[in-house]
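Okay, so here's the structure we're looking at.
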Amino acid sequence: MKFNGKVKIVNKQQLQEDIFQLTVEKPSEIDVISPGHFFNLMATTSGSPLLRRPISVSNTTENSIEFTIKVLGKGTEWLSQKRIGDYLEIMGPLGNGFDVNDKMEKVLLLGGGIGVAPIKGLLAHLTNKNIKCDSIIGFRDQPIFVEEFKTFSEYNEIISEKDTNYKLGYVTEYFEKIVKSNNYDAIYACGPEAMLKSLVKVSEGMGLRLQLLMENKMACGIGACLVCTCKVKQGDFDYKHVRMCKEGPMFYSDEVIFDED
Ligand SMILES: Cc1cc2nc3c(=O)[nH]c(=O)nc-3n(C[C@H](O)[C@H](O)[C@H](O)COP(=O)(O)OP(=O)(O)OC[C@H]3O[C@@H](n4cnc5c(N)ncnc54)[C@H](O)[C@@H]3O)c2cc1C
Ligand code: FES
């Protein structure tokens, strides 16, 4: 069931200068939160910015929901000022989330930048179900969630474009190597569009189908305003319009149509 109301912030952690986590009490009205679900967070008291901000769930327990947020503009800056004990207006869970099948034995998780947040939630969900996870996560600079991914993955690579404490490069290079020597039941990815585009390019050539958690500008978050409409493939030659907040934000790699560069 969808919840729309105020929840108390029970924990706050600063992960990096511009990345923080807010953990809120999970309202009893919410029964299931699946990996890949997001919530729309009110990010103002003054009416500006007007629209709520979509933020993925980066972990959930019986009593709590965790959000990991990177400060980009006014809304996320406002959220970064919130403290433990404050209340937050949230609506959700929203979106379709990832497809997870309990019969899966081994999967590959790919995350880039702040896109590792929902992938961390997925990792926790899958390891609870005893599904083995390999993971590759990449960052422009310093990584986050190193311990979580190292502890719970069977095999893990942490990659950075700049931080020489880690392997330098891009997720795609390591993805190509690992999928050649493994047979995964599913491959999940979330990250910047450039990363998802390269992953899809590589995977197409190998006949692989990825689950991609996509981002788009959103407003209502519930399928009513059509702000987040985008095109997806339909058959070999056609396309249809879908709402990223409702039919997505998870789409399979063989249905996604990326914007032209
Ligand atoms: C389904 C979904 C899940 C998301 N999950 C998370 C999450 O877990 N953690 C997180 O930190 N962020 C997440 N985002 C992105 C987050 O919603 C935006 O960063 C936020 O709305 C920006 O609001 P703002 O008011 O701070 O910035 P704005 O003032 O709205 O924008 C500041 C700048 O950032 C750009 N921008 C805004 N939104 C995006 C975006 N979606 N992608 C790229 N650039 C953008 C704007 O064009 C502008 O240049 C998610 C987005 C979607 C659609
Ligand atoms: S944000 Fe309104 S329809 Fe998707």
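The residues in segment 158-170 that are touching an Asp or Glu at 6+ places or on another chain (Cβ under 9 Å) and not in a loop (DSSP other than H, G, I, E, B) can be counted, and the count is 4. Counting only residues that are touching a Lys or Arg at 6+ places or on another chain (Cβ under 7 Å) and either near ligand 2 (Cβ under 10 Å from one of its atoms) or closer than 24 Å to ALA43 by Cβ (or both), segment 223-261 holds 5 of them.
Quick check: anything in segment 216-231 farther than 28 Å from ILE90 by Cβ and either surrounded by 13 or more Cβ atoms within 10 Å (Cβ to Cβ) or more than 17 Å from the chain's Cα centre (by Cα) (or both)? Yes, some residue in segment 216-231 is farther than 28 Å from ILE90 by Cβ and either surrounded by 13 or more Cβ atoms within 10 Å (Cβ to Cβ) or more than 17 Å from the chain's Cα centre (by Cα) (or both).
When segment 197-213 is filtered for residues that are of a type in the set (D, E, K, R) and assigned to a helix (DSSP H, G or I), the ones remaining, listed by number, are LYS197, LYS201, GLU204. Checking each residue in segment 201-222 for being in contact with a Cys (Cβ under 6 Å, 6 or more places away or on another chain) and either in contact (Cβ under 8 Å) with a residue 40 or more places away in the chain or away from ligand 2 (no atom under 14 Å from the Cβ) (or both) picks out LEU213, MET218, ALA219, GLY221. Residue count for segment 238-258 satisfying the condition of being in a loop (DSSP other than H, G, I, E, B) and in contact (Cβ under 8 Å) with a residue 24 or more places away in the chain: 10. Determine whether segment 5-18 contains at least one residue that is under 24 Å from ASN128 (Cα atoms) and within 9 Å of ligand 1 (Cβ to nearest atom). So far as segment 5-18 goes, no, none of its residues is under 24 Å from ASN128 (Cα atoms) and within 9 Å of ligand 1 (Cβ to nearest atom).
Taking the criterion of being more than 11 Å from ligand 1 (Cβ to nearest atom) and β-branched (Val, Ile, Thr), the residues of segment 213-261 that qualify are ILE222, THR229, VAL232, VAL242, VAL256, ILE257.
FYI, it's all coordinate maths here, none of it is from the lab. What you see is a predicted model; the values in this text were computed from it and never measured. Cβ: placed from backbone, ideal geometry, glycine included. Neighbour counts: every protein chain shown.
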